[in-house]
Amino acid sequence: MKDDIGMPITSERVFKSFNGLETGNGAAFFEYVADDVDWTVMGTHPMAEHHLSKKTFMEGTFAKLSQVLPGGAQLHVEHLIVKGDQATVELHSLATAKNGMRFDNRHCWVVCFHDGSIVKVRAYLDSAMVVQLFEENPIQSKEGAIL
């Protein structure tokens, strides 16, 4: 990513950074995310939370999802708007839960970049579908609560 420093954000660069999510390689996507990212998952559901690091975001969101979506979330970029150092990215999740429920959720992420890294995200998704996902596929949190 060091070759991205100082370069303007373009649609091509945003697509490149999101390509890992489309191909099931989340690690490739997270190479573009700053360690101290400010990431808020908006809504009123088990994944809605404000994170101040990549580590806590991954533990709070992807760790939960991996327990209920064995094949991952499989996020595909559908629309993209880039202006300055920000991008608005519409995504479509194509996933199947462990109980067979289709989790074809729609997402909209407002993403801020700095020196080629994603430094801030506000993620919006269908809260009711997330609630249904966890009701039909309950998991236990680290604290012992059933989500």
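The values are calculated or read from the model by the stated rules, or taken from the named source; none is laboratory data. On a predicted model such as this, the values are computed, not experimentally measured, just so you know. Neighbour counts are summed over all protein chains in view; Cβ atoms, including those assigned to glycine, are modelled from backbone coordinates with ideal geometry.
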Check on residue 87, over 12 Å from the mean Cα position of the chain (by Cα), hydrophobic (A, V, I, L, M, F, W, C) and more than 30 Å from residue 138 (Cβ to Cβ): yes
Selection within the range 90-118 - within 21 Å of residue 138 (Cα to Cα) and in a strand (DSSP E or B): 93, 96, 102
Tally, over the range 107-126, of residues that are more than 22 Å from residue 35 (Cα to Cα) and either of a type in the set (Asp, Glu) or modelled with pLDDT under 95 (or both): 1
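Condition check ((1) within 19 Å of residue 28 (Cα to Cα); (2) more than 12 Å from the chain's Cα centre (by Cα)) across all residues:
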position: 56; (1), (2): yes, yes
position: 97; (1), (2): no, yes
position: 100; (1), (2): no, yes
position: 125; (1), (2): no, no
Evaluation of residue 40 against (1) touching a His at 6+ places or on another chain (Cβ under 7 Å); (2) under 22 Å from residue 22 (Cβ atoms) (one fails), failing number: (2)
First in the range 9-29 and under 20 Å from residue 55 (Cβ atoms) and in contact (Cβ under 8 Å) with a residue 12 or more places away in the chain, second anywhere and surrounded by 17 or more Cβ atoms within 10 Å (Cβ to Cβ) and of a type in the set (S, T, N, Q), Cβ under 8 Å, 6 or more apart: 21/74; 29/17
Filter result (over 13 Å from the mean Cα position of the chain (by Cα) and hydrophobic (A, V, I, L, M, F, W, C)) within the range 29-54: 34, 52
